[in-house]
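S.K.: The structure is given below, and queries will be raised subsequently.
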Amino acid sequence: MIAKTGFLLRNVAGEYLLMPVDQTAPKGKGAILLNRISAFVWEKLQSPVSREELLKALLEQFDVAEEIADEDLTELLDRFRELDLIEDSI
């Protein structure tokens, strides 16, 4: 999977904002507030990556149990899909 183009991630005063920057961003999307882990996943999605690779990266970067990381990643990717932010190309 990979992030769709048209968004820029910014850290503003400790808050991560995913901002639409051009017409390629899905219509009607304003700035989206992300937490630190969601921002980490978004950065990984800038290049084609599999779900398994994302989970591995999360486990290496954050002190979290694999079961919790797996569930949270599923929820996050589902939310990104609902917002039309990612493509399941890989």
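S.K.: For segment 2-87, with the dipole built from +1 on Lys and Arg beta-carbon atoms and -1 on Asp and Glu ones, taken about the Cα centre, which of Ala57, Phe80, Phe7 lies farthest toward the positive end?
M.R.: Value computed over the given set: Phe7.
S.K.: Hey, any idea what the orientation-averaged projected area of the convex hull of the chain's Cα atoms comes to, in nm²?
M.R.: 5.7 nm²
S.K.: Let's see if you can work this out: charge +1 on each Lys and Arg Cβ, -1 on each Asp and Glu Cβ, no other charges. What is the dipole magnitude of segment 2-87 about its Cα centre, in debye to the nearest 20?
M.R.: 580 debye
S.K.: Return the calculated 222 nm mean residue ellipticity for the chain, to the nearest 500 deg cm²/dmol, obtained by summing -39500 (n - 2.57) across DSSP H runs with n ≥ 4 and dividing by the residue count.
M.R.: The helix contribution divided over the chain gives -13000 deg cm²/dmol.
S.K.: Listing Asp78, Asp72 from the residue with the fewest other Cβ atoms within 10 Å to the one with the most, what is the order?
M.R.: Fewest to most other Cβ atoms nearby, the residues stand as Asp78, Asp72.
None of the figures in this text is laboratory data; all of them are computed from the coordinates on show. Not measured: the values here are computed from a predicted model. Here Cβ is always computed from backbone atoms with ideal geometry, including for glycine, and neighbour counts include all displayed protein chains.
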